[in-house]
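The structure under discussion appears below in the form of structure tokens.
Read the figures in this text as sums done on the coordinates, not as results from a lab. What you see is a predicted model, and the numbers here were worked out from it, not measured in a lab. Because the Cβ atoms are built from the backbone with ideal geometry, glycine has one as well, and the counts that use them run over all protein chains shown.
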Amino acid sequence: VSSSHDGLIRIWDVATGECLKTIYAEGNPPVTFVKYSPNGKYILSGMLDGKLRLWNVMGKFASSSSQDGSSGNGSVGGVSTGSFGLKSDRFGVSTTQGRGGQCTKSYSGGHVNSKYCIFSAFNVLANPNQKQQSIVTGSEDGNVYIYDLQSRAVKQVLVNAHSDACLAVAAHDKKELLATGGMSSDKCVRFWVPSSSSS
């Protein structure tokens, strides 16, 4: 899968080089980031309109699809100051939409993204004590935002994580560990663990 400043997300057949599907959001905002979900059924995209969108790509790859991704934006709830991790034993999105290329959820109201390519990550480790899943994203204000995958609400903010825009985030696939990277005025990579963690 690839993203482009022309506003298009393209899904490719790696064997033939054929473009199987083209996806775009209403208004055609530039797409700066794309990533497959752990189960390969969804694509997370970041766009310069300040929204993250989750696309269902498991339907038929027959035609291009356009969705605005703004329906049901969900309120920005209270910000947690506890553990950053919102984990689950499985990745799943509650949705009634099934056609490939449909935007099933969008996330906004927390992070700022209008100028730079900002990476995001799924935080979906198996943890019997925490049944929620999350999306972690950097922001041009230097904070790191954690959205609840299902409700789309901001669950936690790592305030002043970086002194410049936070462009990169990554979530470890086996441990409760996040890594974030700041822009040129910050020049730092920081690692985050839950405050209750003893390791």
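Odds and ends about this structure:
- For Met183, the shell of other residues with beta-carbons less than 9 Å away shows a net charge of -2, using +1 for Lys and Arg and -1 for Asp and Glu.
- Label-to-label distance for Met58 and Lys187 is 4.6 nm, based on points extended 7 Å past Cα in the beta-carbon direction.
- Per-residue 3J(HN,Hα) values for region 150-160, derived from phi via the Karplus relation 6.51 cos²θ - 1.76 cosθ + 1.60 with θ = phi - 60°, read 7, 7, 6, 6, 6, 8, 7, 10, 8, 6, 6 Hz in sequence order (x marks Gly and Pro).
- Checking every one of the trypsin sites (Lys or Arg not before Pro) in region 139-199 against DSSP loop status and a limit of 15 other Cβ atoms within 10 Å picks out Lys174, Lys175, Lys187.
- For Gln150, the residues 5 or more places off, or on other chains, whose built amide H falls under 5 Å of its own are Gln133.
- Sum of side-chain charges, Asn160 neighbourhood, beta-carbon under 15 Å (Lys, Arg +1; Asp, Glu -1): -3
- Projecting label points 7 angstrom from Cα along Cα→Cβ for Tyr36 and Trp12 puts them 1.4 nm apart.
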